[in-house]
Amino acid sequence: MSRNVIDILADCKLLSDVGEAGFGRLAVMARICKFPKSYTVFREGDECPGVYVVDEGLVRIFRTGAGGKEHVLHMVGPGETFAEVAAVGGFKCPANAETIEPTTCILLPIRAFRKALQDDHELCLSMMTGVSCWAQNLVGLMGEVVLHDAAGRVARFLLEAKADVDDTIELPGLKRHIANHLNLTSETFSRTLRKLAEMRLIRQPQANRVRLLDRKRLGQLAEGMLPPS
């Protein structure tokens, strides 16, 4: 069943601190966009269209090096946003955005969005707070890549993923995209999942599903307190 603009924006983490008046202003400008799988929403260097809020689906944000090698910066799922930093800062898109599966988003168009920030200081402060939290999470991710081994990175990723009632996680997108996001090869990512299964920390009933069996020990592994066997 399709959800309306208010419901989608209400579930957005970035907008959780926005007051009633500012929220109403964003809702008025918002429009729903539906994208098919493998759709390029924008490319690096494009003018920023505005802030996208994901309702359903998954979007990968990535950059491409001079040799054509891609690096996934992050994966954006329901309740999360992309292009928010470029929209707030008023600069061009710093990366590419492509849907991994059919995706429904809300778009807060750049002109109306920036006009709202200029006119409403409370809204502007709330958005800056949200973007600061996003930046803090990005710094944390960079720390994970630099300071932790493959097992620690994968353990952290699994612990932070959304799980259902029996602690089962459906892996978002393709394994190679997740591996790239964690700065691993696909082979290393798959091998690490097998190692975690051998340690009885997880079980993998299907290729794209992982059940967490021991969150405490996974947390210890993520913090480097439990050496991988």
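Things to note:
- Local electrostatic count at GLY22 - Lys and Arg +1, Asp and Glu -1, tallied over other residues with Cβ under 13 Å: -3
- Region 13-56, Cα convex hull volume normalised per residue, Å³: 106
- Charge sum, other residues only, whose C-beta stays under 13 Å from PRO78's C-beta, Lys/Arg counted +1 and Asp/Glu -1: -4
- Every helix of 4 or more DSSP H residues in the chain counts as -39500 (n - 2.57), and over all residues that averages to -13000 deg cm²/dmol at 222 nm.
- Debye log10 I(q)/I(0) for the chain, one point scatterer per Cα, at q = 0.15, 0.18 Å⁻¹: -1.05, -1.33
- Comparing GLY67, GLY79, GLY90 in a Gaussian network model of the chain (Cα springs below 10 Å), the most mobile by mean-square fluctuation is GLY67.
- Here region 147-222 has an Rg and Dmax of 11.1, 31 Å, counting Cα atoms alone.
- The value given for region 5-139 is a Kirkwood hydrodynamic radius of 14.9 Å, derived from the mean inverse Cα-Cα separation.
- Sequence-distant lysines (8 or more away, or on other chains) whose Cα lies within less than 29 Å of LYS13: LYS34, LYS37, LYS92, LYS115, LYS162, LYS175, LYS216
- Database remark: amide H of LEU58 closer than 5 angstrom to the amide H of ILE100, GLU101 (H placed geometrically; neighbours at sequence offset of 5 or more, or on other chains; Pro and chain starts carry no H).
- Compactness of region 29-107 is given as radius of gyration and Dmax, 11.9, 40 Å, from Cα positions.
Taken together, the values in this text are just the output of simple stated rules run on the coordinates, not laboratory data. Only a predicted model underlies this, so the values are computations on that prediction, with no experimental measurement involved. Cβ: placed from backbone, ideal geometry, glycine included. Neighbour counts: every protein chain shown.
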